[in-house]
Amino acid sequence: PPMPADHAYSAWRDRLVNELSKLDDGVIAVGHSFGASIWLKYLSEETPTVKIIGIMTIASPYWGAEDWEVEDYQLREGFATRLPDVPTYIYHCRDDEEVPFTHAEIYAQHIPTAKLRAVHTGGHQMNDDLRLVAEDILTLQ
């Protein structure tokens, strides 16, 4: 769905709550960049009204990494223990020019059950090629 122009976490959280209320169980949370970081914050701080069956983050910034300290978006300490116990994938291109690959490595350290899908080239948009993501989604069906 279209997300709010207001980038405050509360605005995005409220939109997620509204959109999730329209869905049945079996949701796969897929987000790119800022949206992926918001999914992780939401899922680690709130209890969705529907069952989440997978989490896919693409080129997600880790708010709190050096030069990425934005308190409104930062995850709480121990956030990973509060995420749904579902398959979680972290996709990130090593040549991402907007969000350094080190952010994916930080997520992988915090979420040891996540599968890190490092892609050699593709930049921040993964060359608009989401086949790897789609293949992993199919395993959740």
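What follows draws every value from the coordinates through simple rules; no lab data is involved. Predicted model only: the values in this text are computed from it and were never measured. Cβ coordinates were reconstructed from backbone atoms using ideal geometry, including for glycine residues, and neighbour counts include every protein chain displayed.
A compact table of results
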{"quantity": "For ARG117, residues with placed amide H under 5 Å, excluding near neighbours", "calculated": "ILE90, TYR91, HIS92"}
{"quantity": "Residue among THR81, HIS110, PRO4 farthest towards the positive dipole end of region 1-118, charges placed on Cβ", "calculated": "THR81"}
{"quantity": "Cβ-based charge dipole, the chain, positive-most Cα from ALA36, VAL50, MET126", "calculated": "VAL50"}
{"quantity": "Protection proxy ranking, peptides 19-32, 68-81, average beta carbon neighbours within 10 Å, highest first", "calculated": "19-32, 68-81"}
{"quantity": "Highest average packing first - 93-100, 47-54, Cβ atoms within 10 Å", "calculated": "93-100, 47-54"}
{"quantity": "FRET E, pair THR121, ASP14, Förster distance 41 Å, beta-carbon r, rounded to 0.05", "calculated": "0.65"}
{"quantity": "Distance (nanometres) between label positions extended 7 Å along Cα→Cβ at ILE28 and GLN141", "calculated": "0.8"}
{"quantity": "Magnitude of the charge dipole, region 54-141, Cβ model with Lys/Arg +1 and Asp/Glu -1, debye to 20", "calculated": "500"}
{"quantity": "Separation between Cα centres of region 1-41 and region 89-137, rounded to whole Å", "calculated": "19"}
